[in-house]
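After the structure tokens below, expect a handful of questions from me.
The values are calculated or read from the model by the stated rules, or taken from the named source; none is laboratory data. Fair warning: this is a prediction, and the values are worked out from it, not measured in the lab. As a convention, Cβ positions derive from the backbone with ideal geometry for all residues, glycine included, and neighbour counts pool all protein chains shown. Keep in mind that these areas ignore ligands, DNA and RNA; they rest on the heavy atoms of the full protein, side chains included. Shrake-Rupley method; radii C 1.70, N 1.55, O 1.52, S 1.80 Å.
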Amino acid sequence: MINNREEFSKVREQAVQALNSYDCRILVCSGTGCIATGSNKIYDVFKGLVEDCPNITVVFSECGGHDDDKVVGVKKTGCQGFCELGPLVRIQKGDKVVQYVKVQREDCEDIFQRSVLGDEVIERLLYHKNDKHYTAPDEIPFIAKQTRIVLENCGKFDSESLDEYLAAGGFKALEKAMFEMTPDEVIDVVDASGLRGRGGGGFPAGRKWKQVARQKETCRYVVCNGDEGDPGAFMDGSVMEGDPFKLIEGMMLAAYAVKAENGYIYVRAEYPMSVARLRGAIAQLEERGLLGDNILGTGFNFHMHINRGAGAFVCGEGSALTASIEGNRGMPRVKPPRTVEKGLFEKPTVLNNVETYANVPKIILEGAEWFRSIGTAGSPGCKTFSLTGAIENTGLIEVPMGSTLREIIFDIGGGLKNGAEFKAVQIGGPSGGCLTEKHLDEPLDFDSVKKFDAIVGSGGMVVMDKNTCMVEVARFFMSFTQRESCGKCIPCREGTKRMLEILERIVNGQGELEDLDKLEELARMIQTMALCGLGKSAPLPVISTLKTFRDEYVEHIVDKKCRAKICTALRKYVIDPDKCKGCSKCAKNCPVNAISGKVKSPYTIDPNTCIKCGACMDNCAFDAIHIEA
């Protein structure tokens, strides 16, 4: 139990000494992506290898070792970012770090003998691009071109160890705030930094904290939105998994600033690892006296609670989220009053997302001007993005606000897979919009993308190539938002349903030109009349694709053609007579007898009978069947 600042300083010094005592640290990425590819088994193999080796002090979770032994730590880190190349393993000896990619169990013995016990670098396990091999993680362009604030510790330290977080400077910001700053001074620094909420709305965090602090009601709450529901988004989940103490420290700073004694982290049920690591972090902090009553003898009391959401997209909206924590159905309510006035249990509430809180500790330590020196004037700091889709390097990144799509997609992401031609990127999740080639050099920040009918949102970024049907993309995201509508307000409940019905008719070849006017009319209605922010932004994918790719909509309606060959109902299967050998295999496997011909002569497909199931193409051994563009 740590009772005061002096004891806390000693604990930190011990943690730093213990961290520096390692001769070698084996850092195994244990983010969700790498675990899915087997990193837990990699960890177990390394653990067994060092346990069986003489003259080695094996350290798994805690720091330290014996003087006469070589101290080797086997650590589970958070997401190292390069998800495409997992499982990822780093070998750290002092300041020297070697990054290995696509590590398999059979590689562990080789790494242990040559890189842990020896000082060799195994070239075949390094990341390579264009015949160049990269040894250190910071040399890899994917990582080198990033600026990491929130993700600073991810991949470098044991995500489950309080000691390692302390050794890395953790809780220095909270210590500074409690002993050297008043609550109002903490709020002033956050407000002066220009930090805007990273959950999608971009509302200034400092202004929100001020509004809570000035309420007459003295019972206040701090709530974290960890309900990351956007398809393709995993930024907040990776922070909760990879650096849970940083999130908690940010929430404690908010609690100190607004004089709240209870905090709630709302995590969606699909993030069991985030929940487990947060619970472990809270338990360690409570055991050390860094959470609870009279923290470090300052009189500051703070207790943390975790609530698991059932996976409703609408619970990412503030009032729906607090209703869910209270045990009610997650549905938004009419404002005012707003959450800062009557939030959780109808008390003033600070509600920010994971990334927003995780930015706060470094702002308190480094100051507002430091934060404002990064990013743009209107959107200071950095933003995390999850890169997915038809891109070479999928993964988790963090870049300054104002970075361009070109920098993100081509410099960091490595361009599109197989050299494909870029078509668009869906940004901001299902409630976001599509940006195209003409937007590649536009700065990305909260304000600039709005003029293109898009939003930065929480940071999901899905890259699409020329083989993508933009009408189907709009239909997919509208299907998601319609399905996730809570149904409370008619504009969202019925409007999204009507829009989805129209989009489904179009991709099925049954659309009419007047449907495009109906889509735009419905979109405007939902934007102006929906109850919550999620409903108001639901039409954005349709609005942005209609504006930029209207010719594809017209093509689907007038020509009954999908140039990307994605929409099943608009496909036309054709047999190439020059390639067909007349084996009759396609005809035998056609479920509706749409294929006719004679053996050893070219067969033909009746388009009026064909149901576009693709069985003929799957069974053709001569690549004679194709979909006509």
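Whether any residue in segment 545-557 is in contact with a strand residue (DSSP E or B) (Cβ under 7 Å, 6 or more places away or on another chain), at negative phi and buried (at least 20 other Cβ atoms within 10 Å of the Cβ) is what I want to check.
Initial filter on segment 545-557 (in contact with a strand residue (DSSP E or B) (Cβ under 7 Å, 6 or more places away or on another chain)): 545, 548.
Then drop every residue that is not at negative phi, which leaves 545, 548.
From what is left, the residues that are buried (at least 20 other Cβ atoms within 10 Å of the Cβ) are 545, 548.
Yes, some residue in segment 545-557 is in contact with a strand residue (DSSP E or B) (Cβ under 7 Å, 6 or more places away or on another chain), at negative phi and buried (at least 20 other Cβ atoms within 10 Å of the Cβ).
Go through (1) open to solvent by less than 10 Å² (accessible area, probe 1.4 Å); (2) modelled with pLDDT of 95 or more; (3) more than 21 Å from residue 363 (Cβ to Cβ) and name the single condition residue 293 misses.
Residue 293 satisfies every listed condition except (1).
Out of segment 137-159, which residues are surrounded by fewer than 23 Cβ atoms within 10 Å (Cβ to Cβ) and among the charged types (D, E, K, R)?
138, 139, 145, 148, 152
Another question, if that's okay. Can you tell me which of 498, 505 is farther than 16 Å from residue 569 by Cβ and open to solvent by 20 Å² or more (accessible area, probe 1.4 Å)?
Numbers: 505 fails: farther than 16 Å from residue 569 by Cβ.
Checking each option against the conditions leaves just 498.
Check whether at least one residue in segment 447-461 is under 23 Å from residue 531 (Cβ atoms), open to solvent by 20 Å² or more (accessible area, probe 1.4 Å) and part of a loop (DSSP other than H, G, I, E, B), and report yes or no.
yes
So that you can scan it fast, the table gives a plain yes or no per residue for (1) over 21 Å from the mean Cα position of the chain (by Cα); (2) modelled with pLDDT of 90 or more; (3) over 26 Å from residue 84 (Cα atoms):
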| residue | (1), (2), (3) |
| --- | --- |
| 406 | no, yes, no |
| 414 | no, yes, no |
| 417 | no, yes, no |
| 433 | no, no, no |
| 449 | no, no, yes |
| 458 | no, no, no |
| 471 | yes, yes, yes |
| 476 | no, yes, no |
| 484 | no, yes, yes |
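Step by step: first the residues of segment 376-401, then only those that are open to solvent by 20 Å² or more (accessible area, probe 1.4 Å), touching an Asp or Glu at 6+ places or on another chain (Cβ under 9 Å) and closer than 19 Å to residue 148 by Cβ, then the one that is modelled with the lowest pLDDT. Which residue is that? It would help to see each step written out before you state the result.
Just the residues of segment 376-401 that are open to solvent by 20 Å² or more (accessible area, probe 1.4 Å), to begin with: 376-378, 388-390, 392, 394, 400.
Now narrow it down to the ones that are touching an Asp or Glu at 6+ places or on another chain (Cβ under 9 Å): 376, 378, 389-390, 392, 394.
Next, only the ones that are closer than 19 Å to residue 148 by Cβ stay: 376, 394.
Working: 376: 95, 394: 88.
This residue is 394.
Still on this structure, please answer the following. Identify the residue in segment 607-629 that is open to solvent by less than 40 Å² (accessible area, probe 1.4 Å) and assigned to a strand (DSSP E or B) and, among all such residues, is modelled with the lowest pLDDT.
627
Another one. Pairs only if they're at least six apart or on different chains, beta carbon under 6 angstrom, first in segment 1-29 and assigned to a helix (DSSP H, G or I), second open to solvent by less than 30 Å² (accessible area, probe 1.4 Å) and of a type in the set (Asp, Glu); list them, first residue then second.
Between residues of segment 1-29 that are assigned to a helix (DSSP H, G or I) and residues that are open to solvent by less than 30 Å² (accessible area, probe 1.4 Å) and of a type in the set (Asp, Glu), the close pairs are 15/163.
Restricting to segment 34-56, count the residues that are open to solvent by 10 Å² or more (accessible area, probe 1.4 Å), under 26 Å from residue 278 (Cβ atoms) and either in a loop (DSSP other than H, G, I, E, B) or free of Cβ contacts under 8 Å to residues at least 60 places away in the same chain (or both). Can you show your working first?
Taking segment 34-56 first, the residues open to solvent by 10 Å² or more (accessible area, probe 1.4 Å) are 35-38, 40-41, 43-45, 47-49, 51-56.
Imposing the further condition that a residue be under 26 Å from residue 278 (Cβ atoms) reduces the set to 35-38, 40-41, 43-44, 47.
From the residues that got through so far, the ones that are either in a loop (DSSP other than H, G, I, E, B) or free of Cβ contacts under 8 Å to residues at least 60 places away in the same chain (or both) too are 36-38, 40, 43-44, 47.
Looking only at that region, the number is 7.
Spot the failing condition for residue 341; the list is (1) in contact with a helix residue (DSSP H, G or I) (Cβ under 8 Å, 6 or more places away or on another chain); (2) surrounded by 21 or more Cβ atoms within 10 Å (Cβ to Cβ), and only one is missed.
It is condition (2) that residue 341 fails.
Quick one: would you say residue 562 is part of a loop (DSSP other than H, G, I, E, B), of a type outside the set (Val, Ile, Thr) and over 25 Å from residue 430 (Cα atoms)?
no
Shifting gears a bit: Does residue 246 qualify as being touching a residue at least 24 places away in the same chain (Cβ under 8 Å) and assigned to a helix (DSSP H, G or I)?
Details: touching a residue at least 24 places away in the same chain (Cβ under 8 Å): yes; assigned to a helix (DSSP H, G or I): yes.
So residue 246 passes the test.
Still on this structure: Scan segment 565-586 for residues that are open to solvent by less than 30 Å² (accessible area, probe 1.4 Å), part of a loop (DSSP other than H, G, I, E, B) and more than 13 Å from residue 617 (Cα to Cα) and jot them down. Quick ask: steps written out before the conclusion?
To start, the set of residues in segment 565-586 that are open to solvent by less than 30 Å² (accessible area, probe 1.4 Å) comprises 567, 570, 573, 575, 580, 582, 584, 586.
Then keep just the ones that are part of a loop (DSSP other than H, G, I, E, B); that gives 567, 580, 582, 584.
567, 582, listed by residue number.
Every residue, every condition in (1) aliphatic (A, V, I, L, M); (2) touching an Asp or Glu at 6+ places or on another chain (Cβ under 8 Å), yes or no:
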{"residue": "194", "(1), (2)": "no, no"}
{"residue": "203", "(1), (2)": "no, no"}
{"residue": "217", "(1), (2)": "no, no"}
{"residue": "239", "(1), (2)": "yes, yes"}
{"residue": "249", "(1), (2)": "no, no"}
{"residue": "254", "(1), (2)": "yes, no"}
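Being open to solvent by 50 Å² or more (accessible area, probe 1.4 Å) and closer than 22 Å to residue 245 by Cβ is the filter here, so list the residues in segment 299-330 that pass it.
The answer is 303, 305, 308.
Return the only residue of 286, 341, 261 being farther than 25 Å from residue 245 by Cβ and among the acidic types (Asp, Glu). Steps first, answer last, please.
Values: 286 fails: farther than 25 Å from residue 245 by Cβ; 261 fails: farther than 25 Å from residue 245 by Cβ.
Result of the check over 286, 341, 261: 341.
Hey, among the residues in segment 244-276 that are of a type in the set (D, E, K, R) and modelled with pLDDT under 95, which one's least open to solvent (accessible area, probe 1.4 Å)?
Step one: list which residues in segment 244-276 are of a type in the set (D, E, K, R), which gives 246, 249, 259, 261, 268, 270.
Still in the running and modelled with pLDDT under 95: 268, 270.
Working: 268: 21, 270: 105 Å².
Ranking the candidates gives 268 first.
How many residues, within segment 476-490, are in a helix (DSSP H, G or I) and open to solvent by 20 Å² or more (accessible area, probe 1.4 Å)? Steps first, please.
Within segment 476-490, the subset in a helix (DSSP H, G or I) is 476-484, 490.
In the following step, the residues that additionally are open to solvent by 20 Å² or more (accessible area, probe 1.4 Å) were identified as 476, 479-480, 482-484, 490.
Summing the residues that are in a helix (DSSP H, G or I) and open to solvent by 20 Å² or more (accessible area, probe 1.4 Å) in segment 476-490 gives 7.
Out of segment 431-441, which residues are open to solvent by 60 Å² or more (accessible area, probe 1.4 Å) and touching a helix residue (DSSP H, G or I) at 6+ places or on another chain (Cβ under 7 Å)?
First, the residues of segment 431-441 that are open to solvent by 60 Å² or more (accessible area, probe 1.4 Å): 437-438, 441.
Within segment 431-441, 441 is the sole residue that qualifies.
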